[in-house]
1. Name the pairs: first residue in segment 127-149 and modelled with pLDDT under 95, second residue surrounded by fewer than 20 Cβ atoms within 10 Å (Cβ to Cβ) and not in a loop (DSSP other than H, G, I, E, B), Cβ to Cβ under 6 Å, at least 6 apart or on different chains?
2. Check 55, 70, 47, 66 and return the single one that is touching a strand residue (DSSP E or B) at 6+ places or on another chain (Cβ under 9 Å), at pLDDT 95 or above and assigned to a helix (DSSP H, G or I).
3. Between 77, 82, which is without any contact (Cβ under 8 Å) to a residue 40 or more places away in the chain and over 24 Å from residue 111 (Cα atoms)?
4. Looking at 68, 46, which is the one that is over 22 Å from residue 141 (Cα atoms) and surrounded by 20 or more Cβ atoms within 10 Å (Cβ to Cβ)?
5. What number of residues within segment 182-191 satisfy the criterion of being touching a strand residue (DSSP E or B) at 6+ places or on another chain (Cβ under 7 Å) and more than 15 Å from residue 31 (Cα to Cα)?
């Protein structure tokens, strides 16, 4: 059975989507822990209510990123994870951390990568005048918001959109594609060929939504 550890910093709505999918679909996997760098993260209460072990490690108690990441690795590895899922974990991770979990560290980013890495992606999309926006699930590498892309979802951008309305539309698709990507990993359907993620048997890796 696949062991999964999920990292959050706040409400963790993508974590909630993954937990619900795992339980509703009876995945051959166990959410071994939900860990936050903020002890007051609301998502920890959700995890507790679903019988999932929780832990927190306050990054403010460490002198630098390297010290925090080293202690976080120890905490995560105590749960013996096969997969580590970043679900709104608002920390830039060190290369040592990323390399330790190479090939088993997933993230979701609210843009159609490689467009708009970093923060304020919805504002960036509106400023650029793009006609579609979306989200990407990808394996994490040392380069911020890069790495082999597992699945993407696109949504239309409307003339009257604000950053908030666009973010809401994108988040709905995140809750679809992130559980799907994790399930593919669990089912050993993912392979990586020269930075390209292949799904076997083949399945669409792009979800196109016309949701208003």
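The values are calculated or read from the model by the stated rules, or taken from the named source; none is laboratory data. Because the structure is a prediction, the values reported are computed rather than measured. Glycine also receives a Cβ, built like all others from the backbone with ideal geometry; neighbour counts cover every protein chain displayed.
1. What qualifies is 142/95; 142/98.
2. Details: 55 fails: assigned to a helix (DSSP H, G or I); 70 fails: touching a strand residue (DSSP E or B) at 6+ places or on another chain (Cβ under 9 Å); 66 fails: touching a strand residue (DSSP E or B) at 6+ places or on another chain (Cβ under 9 Å).
Going through 55, 70, 47, 66 in turn, the sole match is 47.
3. Numbers: 82 fails: without any contact (Cβ under 8 Å) to a residue 40 or more places away in the chain.
Sole residue among the options that is without any contact (Cβ under 8 Å) to a residue 40 or more places away in the chain and over 24 Å from residue 111 (Cα atoms): 77.
4. On the way: 68 fails: over 22 Å from residue 141 (Cα atoms).
Just one listed residue meets the conditions, 46.
5. Step one: list which residues in segment 182-191 are touching a strand residue (DSSP E or B) at 6+ places or on another chain (Cβ under 7 Å), which gives 182, 184-186, 189-191.
Next cut, more than 15 Å from residue 31 (Cα to Cα) only: 184, 189-191.
Summing the residues that are touching a strand residue (DSSP E or B) at 6+ places or on another chain (Cβ under 7 Å) and more than 15 Å from residue 31 (Cα to Cα) in segment 182-191 gives 4.
Matching residues to (1) surrounded by 17 or more Cβ atoms within 10 Å (Cβ to Cβ); (2) closer than 27 Å to residue 81 by Cβ; (3) in contact with a helix residue (DSSP H, G or I) (Cβ under 7 Å, 6 or more places away or on another chain); (4) not assigned by TED's automatic domain parsing to the domain that holds residue 86:
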| position | (1), (2), (3), (4) |
| --- | --- |
| 114 | no, no, no, yes |
| 120 | no, no, no, yes |
| 124 | yes, no, no, yes |
| 129 | no, no, no, yes |
| 132 | no, no, no, yes |
| 155 | yes, no, yes, yes |
